[in-house]
1. Kindly check whether there is at least one residue in segment 287-298 that is assigned by TED's automatic domain parsing to the domain that holds residue 344, part of a loop (DSSP other than H, G, I, E, B) and over 30 Å from residue 145 (Cβ atoms).
2. Out of segment 360-385, which residues are crowded, with 21+ Cβ neighbours inside 10 Å and assigned to a helix (DSSP H, G or I)?
3. Considering segment 368-398 alone, what residues qualify as being closer than 14 Å to residue 249 by Cβ and over 20 Å from the mean Cα position of the chain (by Cα)?
4. Determine whether residue 30 is assigned to a loop (DSSP other than H, G, I, E, B) and either modelled with pLDDT of 95 or more or out of contact with any strand residue (DSSP E or B) (no Cβ under 7 Å at 6 or more places or on another chain) (or both).
5. Looking only at residues that are out of contact with any strand residue (DSSP E or B) (no Cβ under 8 Å at 6 or more places or on another chain) and more than 20 Å from residue 168 (Cα to Cα) in segment 201-228, which one is surrounded by the most Cβ atoms within 10 Å (Cβ to Cβ)?
6. Right, residue 281: crowded, with 18+ Cβ neighbours inside 10 Å, at pLDDT 95 or above and within 18 Å of the chain's Cα centre (by Cα) or not?
7. Quick test of your reading of the structure: residue 334 fulfils all but one of (1) under 24 Å from the mean Cα position of the chain (by Cα); (2) modelled with pLDDT of 95 or more; (3) not assigned by TED's automatic domain parsing to the domain that holds residue 229. Name the failing condition by number.
8. From the residues in segment 136-145 that are in contact with a helix residue (DSSP H, G or I) (Cβ under 9 Å, 6 or more places away or on another chain) and either farther than 24 Å from residue 114 by Cα or without any contact (Cβ under 8 Å) to a residue 40 or more places away in the chain (or both), which one is surrounded by the fewest Cβ atoms within 10 Å (Cβ to Cβ)?
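The values are calculated or read from the model by the stated rules, or taken from the named source; none is laboratory data. All figures in this text were calculated on a predicted structure; none of them were measured in a lab. Positions of Cβ are backbone-derived with ideal geometry, glycine not excepted, and every protein chain shown enters the neighbour counts.
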């Protein structure tokens, strides 16, 4: 028997045979209900794999391997699995391979395999028509560095992640997914438990993908590296089919489309550097675009710098180019994407997957709210063809929100919603203005460095595609002092003092209008070519020329009408001015002085919210005053205080 590493399927508690199957196979039933449950799961695993690709099913006989709680929440234990496999082997129903102890230390990596078993035809024949039923899977799974399952963290954050996936599966339970009856039968094969889809590669070779459909669509969210901020993507059985075959599925009887984000991971990396990606990052001169795409995406997932990126691309199974060609390709991709060069060979892929998995959850929640059935495929979404426009709009909203969240150069106040159900901006409408407070008496003054007010830039006159919502700009606003003054951006009634100032209309002047190409593109739309005369990440506006005392009777061109929602300060005091550090620290302090620790990408939005409330989250709170025992002089501190 020759068992090759990687050619096996790990044992999983996903299907179970009825207890009648144990008697039909002539086996001695387990003593307890848990023993019989594992016995039935081993029988089902062998029978279902025999129905599919016929691979070996691997399991471990090491106590250290089982100590990590790999089958948490199930009755599966090492002793029960071994007893079930040995019982089937003695009955001549499975072929069993028992690995010698210490095999994981063998010098030949190909020989580092676990013990394994696979069904003989006799097992399937004796089962006859007994049906194997799926076992409900846990909604979330945690894996370690090696990809082995470990215990899921029992924290509040872990509980929230579990509830999110459970809610999605409740929604998915009402979906009906089937193959289109009009699909070409040559592209599909069915067995008792498996669905096979044909895939034709570009070179003309043919392969078949194999998946096990469940009675109703369900997903599981898989985290990695033992952390809740690594990986975290959603997985369902339909993802095992080629894209062409997924297009032949029906969702609730409707033909499907699959909408995806264009260049998602490069877009997120550029956003982390405070840059909006407005060109094709995979288009490298002198190389096929597909090679550029592989080099960038594989390089970001690799570690070891540029050399690690080259080695990872050379290890790609269907990569046939030379090392010299590959090295030159990676160098050119790095030059093409100079701002994110540092991420090549940085192992950033696991963090990016955590971000895009959060985006996927947000998209699915919005689709559910809009009553649009949708299924995830990592960073793309399958939905009925008639809902394609709404799904694209939702994806655009989520992408824009994510850019604002992870960008180090964006304030929380600068996020404008792109509502998929909001009315469009009509350029024929009268142009609105920004209401600010006029100076309250002669005693008012404007300090040299007054805090800015965020207002959107003017809507660009042009085709409808350019009339959505343009980027915000910063213009200085006067700070009003004196009794009864009202801060710019505050609402009447937000202060208990009487308001004596008079509202006026002040213009927001922009030195250079944004070109139509700067309107945030849709998730699948093409992007403009970079300007060859200057860097594509260079700022495109000149410094603001807004006068310190604007004409109060000139109407502003700055604010579009209905789709624009500005976040205004609801306090009556001057907002705190805090510089957000880059890189972001791993801890901040809440309003009550409590310390909050976590990943920077998670802490940053929390810090921005605290800043908007007038609190500095980076300032360590002062030590609390010492406790004084009642009745003692103030200088005497009780022991242990």
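1. Yes, because at least one residue in segment 287-298 is assigned by TED's automatic domain parsing to the domain that holds residue 344, part of a loop (DSSP other than H, G, I, E, B) and over 30 Å from residue 145 (Cβ atoms).
2. Of everything in segment 360-385, those that are crowded, with 21+ Cβ neighbours inside 10 Å and assigned to a helix (DSSP H, G or I) turn out to be 360, 363, 364, 367.
3. The answer is 384, 385.
4. yes
5. 227
6. No: the conditions fail for residue 281.
7. Status for residue 334: all satisfied but (1).
8. From segment 136-145, those in contact with a helix residue (DSSP H, G or I) (Cβ under 9 Å, 6 or more places away or on another chain) are 138-140, 142; that's our starting set.
From the residues that got through so far, the ones that are either farther than 24 Å from residue 114 by Cα or without any contact (Cβ under 8 Å) to a residue 40 or more places away in the chain (or both) too are 138-140.
On the way: 138: 18, 139: 20, 140: 21.
Per the criteria, the residue is 138.
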